[in-house]
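Before any comments, here is the structure.
No lab work stands behind these numbers, since they all come straight from the coordinates. Treat the numbers as computed from the prediction; the structure is a model and nothing was measured. Here Cβ is always computed from backbone atoms with ideal geometry, including for glycine, and neighbour counts include all displayed protein chains.
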Amino acid sequence: MIHNHPSISPPQTSSVIAPPFTLHSTLYTLEGASMTKSGILIVDKPADWTSHDVVAKLRGALHIKRIGHGGTLDPMATGVLPVFIGRATRASEYCEHADKEYIAGLRLGVTTDTQDITGNTLSECEANISAEELSSVIPNFLGAQKQLPPMYSAIKVGGKKLYELARRGVDVERPARDIFIRLIDLLGMSGNDYTLRVACSKGTYIRTLCHDVGAALGCGGTMSSLRRTRAGTYTIEMAKTLDEILIAISAGDIEDILIPVDSVFSEYPDVILSDAETRRCKHGTPGGAGALRDGKYRFYGPDNEFLVFGEVIRGEIKIIKGFYEGCAVQ
């Protein structure tokens, strides 16, 4: 019989999901210097590193092949970069598609070709914009909207990455993308520099937001800094610097900072399967869901091993993604 764990609430509608998580599984072990199972490291990415640089550094330090990140940060940006290890890489796409939060610097009176201060200056002027004037245009950028991605981005058009074309001086038409911005808070200002807190959907370019806000004010604007403070479930308070992580690896203490992969799905209720149900689940045929309502769940074995992220549809369990050892379900 399937047992629905009583301590888990239904999925929350709030855009901010706060730890601690109600989780069961231990999803990591170390064998010598190399990792044999899986987990997630929440990295506080340093400035001037690409997300790929961070992954490459950890791949070498951990002596593993299966590793990836849960959402690119530009080199100038810092903050939350979830890094998925081993079987946990199966869950990275869910983090990539999750909402994000940022602290961004907006510099008014300047425009650049990259829409941030790393680019070539295109225009400059005296902005003289008050906090009240800035606040008056912010509501225009809230909610569902279309955003034109910048030329300096990794989006592909006609098989070519836009930034490759931009570096050759080529500007091409590209489709606007659907985004959602839930929150823009003005946190402070100093001269023409403003600090914003932004909560938004996947695919939102904060530097384009800064550019567009400056255009709406008639003075131009560019992004002067960016720090990601949340990516889905993971917050900056959970993040470790690269140095801290490398020290933990050297000391054999990496398990102290690894987060189990089921944390990605912490907003969903958990279900404990019986031995027989666990065996069926591991054979890809979990079967009936008993009295469970339709919806998505985390499924565990009797020993608290995280088995699968799945969905109940009309009384049947359907596996969305498997995480148990030896799992072949994608």
Problem set entry | Nearest 10 degrees, 0 to 90: helix 51-62 Cα axis against the chain principal axis | 40 degrees
Problem set entry | Distant-in-sequence amide H partners of Gly79 (H built 1.01 Å from N, under 5 Å) | Lys45, Arg228
For this session: List every residue whose amide H lies under 5 Å from the amide H of Thr233, counting only residues 5 or more places away in sequence or on a different chain, with H placed 1.01 Å from N in the peptide plane.
Result: none
For this session: For helix 206-217, report the angle its Cα long axis makes with the longest principal axis of the Cα atoms of the chain; keep it between 0 and 90° and round to the nearest 10°.
Result: 30 degrees
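Only Cα pairs under 8 Å and at least 6 apart count here; give the relative contact order of the chain as a rounded whole percent.
On the way: 703 pairs, mean separation 77.8, N = 330.
24 percent.
In the range 150-201, what trypsin sites (Lys or Arg not before Pro) fall in a loop by DSSP, with at most 16 other Cβ atoms inside 10 Å?
Details: sites: Lys156, Lys160, Lys161, Arg167, Arg168, Arg177, Arg182, Arg197; in loops: Arg168.
Loop-located and lightly packed - Arg168.
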Seminar exercise, completed: Connecting every pair of Cα atoms under 10 Å apart in the chain and solving the GNM, the largest mean-square fluctuation among Cys95, Cys219, Cys210 falls on Cys219
For this session: Please grab the % of Cα pairs in the chain that end up more than 34 Å from each other.
Result: 34 percent
For this session: Would you please give the FRET efficiency between Ala251 and Leu142, computed as 1/(1 + (r/R0)^6) with r the Cβ-Cβ distance and R0 = 56 Å, to the nearest 0.05?
Result: 0.75
Problem set entry | Cα Rg over Rh - the range 270-322, Kirkwood | 0.90
Exercise. For labels at Tyr163 and His97 in the simple 7 Å Cα→Cβ model, what's the distance in nm?
Worked result: 2.5 nm
For this session: State the percent of C-alpha pairs, over all pairs in the range 198-271, separated by a distance greater than 17 angstrom.
Result: 65 percent
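So what's the range 100-231 giving for Cα Rg divided by 2.2 N^0.38 Å, two decimals? The partial results should precede the final answer.
Working: Rg = 14.4 Å, N = 132, 2.2 N^0.38 = 14.1 Å.
Cα-based Rg divided by the globular estimate yields 1.02.
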Exercise. Which trypsin sites (Lys or Arg not before Pro) from the range 37-79 combine a DSSP loop assignment with at most 15 other Cβ atoms within 10 Å?
Worked result: Lys65, Arg66
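Using the Cα centre of the chain as the reference point, and only Cβ charges (+1 on K/R, -1 on D/E), how large is the resulting charge dipole? Debye, rounded to the nearest 20. Please report the intermediate quantities before stating the final value.
Details: 35 positive and 39 negative charges, 225 e Å.
Dipole size: approximately 1080 debye.
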Problem set entry | the chain: most fluctuating residue of Glu133, Glu244, Glu305 per GNM, C-alpha cutoff 10 Å | Glu133
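Over the range 130-226, what is the mean sequence separation of C-alpha contacts under 8 Å (at least six apart), divided by residue count, expressed as relative contact order in percent? Could the numbers behind the result be given before it?
Values: 128 pairs, mean separation 24.9, N = 97.
Relative contact order, the range 130-226: 26 percent.
For a Förster distance of 51 Å, can you work out the FRET efficiency between the beta-carbons of Cys125 and His52, rounded to the nearest 0.05?
Working: r = 37 Å, r/R0 = 0.72.
Taking R0 as 51 Å, the efficiency between Cys125 and His52 is 0.90.
Here are some pairs, Lys65/Lys161; Lys161/Lys202; Lys57/Lys160; Lys45/Lys65; Lys146/Lys202; which of them have Cα atoms lying more than 23 Å apart in this structure? Numbers along the way, then the final one.
Values: Lys65/Lys161 26 Å; Lys161/Lys202 19 Å; Lys57/Lys160 27 Å; Lys45/Lys65 20 Å; Lys146/Lys202 13 Å.
Violating the 23 Å Cα-Cα cut-off are Lys65/Lys161; Lys57/Lys160.
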For this session: Before rounding to the nearest 500, sum -39500 (n - 2.57) across all DSSP H runs of length at least 4 in the chain and divide by the residue total; then give [θ] at 222 nm in deg cm²/dmol.
Result: -5000 deg cm²/dmol
